[in-house]
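All of the numbers you see were taken from the coordinates with simple rules; none came from a lab. Quantities reported herein were computed from a predicted structural model and do not represent experimental measurements. Cβ atoms come from the backbone with ideal geometry, glycine included; neighbour counts cover every protein chain shown.
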Amino acid sequence: MLLLDPRRPDLPLDPFSTGILRDTVAFFEAKGKKKLKEDDRDRVWYRDFLEFQKEKKIFSTLLTPSAWGGEGARWDTFRNCAFNEVLGFYGLPYWYTWQVTILGLGPFWMSRNETLKRRTAALLAEGGIFGFGLSEKAHGADLYSTEMRLAKSPGGGYTASGRKYYIGNGNEAALLSVFGKMAEGDDWVFFAADPRHPKYQLIQNVCTSQSYVAEFALNDYPVADEEILLRGPEAWDASLNTVNVGKYNLGWASIGIATHAFYEAIRHASRRRLYGMSVTDFPHVSRMFTDAWTRLVAMRLFALRAADYFRSATREDRRYLLYNPVVKMKVTTEGERVIDLLWDVIAAKGFEKETVFEMATRDIRALPKLEGTVHVNIALILKFLPNVLLTPSACPEVPRRTDPADDVFLFDQGPARGLSKIRFHDLRKAYGEFDLPNVALFREQIAALQSFLSRQRVTEAQQKDLDLVLTLGELFTLVVYGQLILENAALLGVAPDVVDQIFDVFVRDFSRFAVELHGRAGATTEQAAACLSLVRRPAPDGGRAAAIFAREILPLADAYEMSP
Ligand SMILES: Cc1cc2nc3c(=O)[nH]c(=O)nc-3n(C[C@H](O)[C@H](O)[C@H](O)COP(=O)(O)OP(=O)(O)OC[C@H]3O[C@@H](n4cnc5c(N)ncnc54)[C@H](O)[C@@H]3O)c2cc1C
């Protein structure tokens, strides 16, 4: 259960769903690495993949809730994790068309418009893809400034006018969910738009990748009453609730990309001989591979555990609103660190045109920046700090969720407010279950952070200094990250030396963020001095890293290579 090998998918799915995964892997392996790379270089629209998913009804099966779908259809986050990971593994563009279909579908499945839901299910069954028209050129994260307007038509219905920017699948989507405001009354609104309509003007692909990231304009585009999906606060909530679903997937794209890059890197390094020895024999190289592998395993453990909370969520238990942004910002930035470590090892090889690695060096950078930047997500994560670190509560235990359930709550998340009321379970439980040297050190660091927060009052003025609080947010995020990783390590029976190795990395990372906070201009002299109480050195290794390298990591050099 540590890393994906696409030829031996490890996540426990029912036979039908395993079949979908195997078919998808077979599609990419038959396409082969050479063609995959050529299509990437030549920016070929991935019609082959879309035809394949249409023929196998893959998006329709995985993305239609059971109430609307055919055989095997349900929105099952666990199964979708596995599919996300495989698509990320073979290339970000393939993942992206699926991801923006997910986003586009959000407002449809959240709507009460039964006619449009039936039409959506039918379009998916015909192989249709979808898109999410939220962003605009001038406003980025600031949705309040949305300019798309819907005006009442004298003859009934409405006309929409405005532009959208960065809209995936905007060239070929069967339908787009578009966010805007009513011209009269300023109510928020989501409506359906069809890119084939003459009043839909496709302006350009904003990006230079295989994906189509559209700028489009609606010029007095007619919208019938039946094409309105959501209005008022419900439309506003749907924009945020859809992103809650989508942002979770970004972590899986990073995991998939980094896993494929890892296989290529270790295969190359282990076969490359310099000065009569293998590159993997250099101590700094084995250390870098061990750090990269450890970070990657941690990314996967966290993302899987976060899915348990997402799947078990109710309107009363919304802990996922912390864990999903952590997947979004932490897992994706960790993906960048994995690629950086591997690239330092394989150096020139990482530029070569026939490697998947070369795509990974570019694509891994995208995930932290989409659907809210790292900063936006840390700012969100920080809202939960008091209830996690200082005032935990009794909350229901969440089991591992691999069952084939339809996650209907995702489309019934309710009002997107009241974050300060969300309660969290006591993190001492997870941290107390592991008697390991680096977990013990990390516990000391958490206690030091709690003491820092209660003694070093962060003033109101300092709370507005994002440069300062974002670093605090990194420290807090690491605590939450470690907690869910320990929960999952216990559930999955991860070897203790691997867990200790993960916390060897975290002890160092925590110290690094503490030193960053120490240096922030906005910290007082007293606060800066107190930051140093958070710094620890990892426990003596005693041969642990070398044992893990030999047992878990070096064998990956021969485990997987993509078909040529
Ligand atoms: C390839 C690609 C595909 C995309 N696909 C889609 C799509 O299909 N549909 C769609 O609707 N959008 C899509 N987007 C848009 C994307 O999600 C937005 O670009 C993203 O949300 C961030 O907006 P921005 O990059 O314009 O950053 P800006 O909003 O300009 O933010 C810039 C900086 O301001 C700061 N900042 C802003 N707000 C806050 C805050 N609240 N707290 C703290 N700091 C803050 C941060 O430092 C941030 O990095 C896509 C973008 C790209 C590049």
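Listing for the model above:
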| quantity | calculated |
| --- | --- |
| Intensity falloff of segment 23-82 expressed as log10 I(q)/I(0), Debye formula with alpha-carbon point scatterers, at q = 0.13, 0.27 Å⁻¹ | -0.44, -1.09 |
| Distance histogram for the chain (every C-alpha pair counted, 20 angstrom bins, percent rounded to whole numbers) | 21, 54, 24, 1, 0 |
| Beta bridge orientation in segment 123-275: antiparallel %, DSSP, nearest 5 | 80 |
| Chain lengthening between LEU390 and GLU516 when straightened (0.36 nm per residue, less Cα-Cα) | 43.1 nm |
| Relative contact order (%) - the chain, alpha-carbon pairs under 8 angstrom, separation at least six | 15 |
| Cβ-based net charge around LYS247, under 13 Å, with every Lys or Arg adding one and every Asp or Glu removing one | +2 |
| MRE, 222 nm, helices only [DSSP H, n ≥ 4, -39500 (n - 2.57), over the chain, to nearest 500] | -16500 deg cm²/dmol |
| Using alpha-carbon coordinates, inclination of helix 437-455 to the longest axis of the chain, degrees | 70 |
| Coordinate range along principal axes, alpha carbons of segment 411-456, Å, largest first | 43, 29, 12 |
| Amide H partners (placed H, <5 Å) of VAL213, local residues excluded | VAL206, CYS207 |
| Per-residue HN-Hα couplings for segment 274-280 [Karplus 6.51, -1.76, 1.60; θ = phi - 60°; Hz; x = Gly/Pro] | 10, 6, x, 9, 7, 4, 5 |
| In degrees, nearest ten, helix 332-346 long axis to first principal axis of the chain (Cα) | 60 |
| Total formal charge among the other residues, if their Cβ is under 11 angstrom from that of LEU475, Lys/Arg +1 and Asp/Glu -1 | -2 |
| Nearest-ten-degree value, helix 233-271 long axis tilted from longest Cα axis of the chain | 50 |
| Linear extension gain, ALA151 paired with GLU460, 0.36 nm per residue minus alpha-carbon span | 107.0 nm |
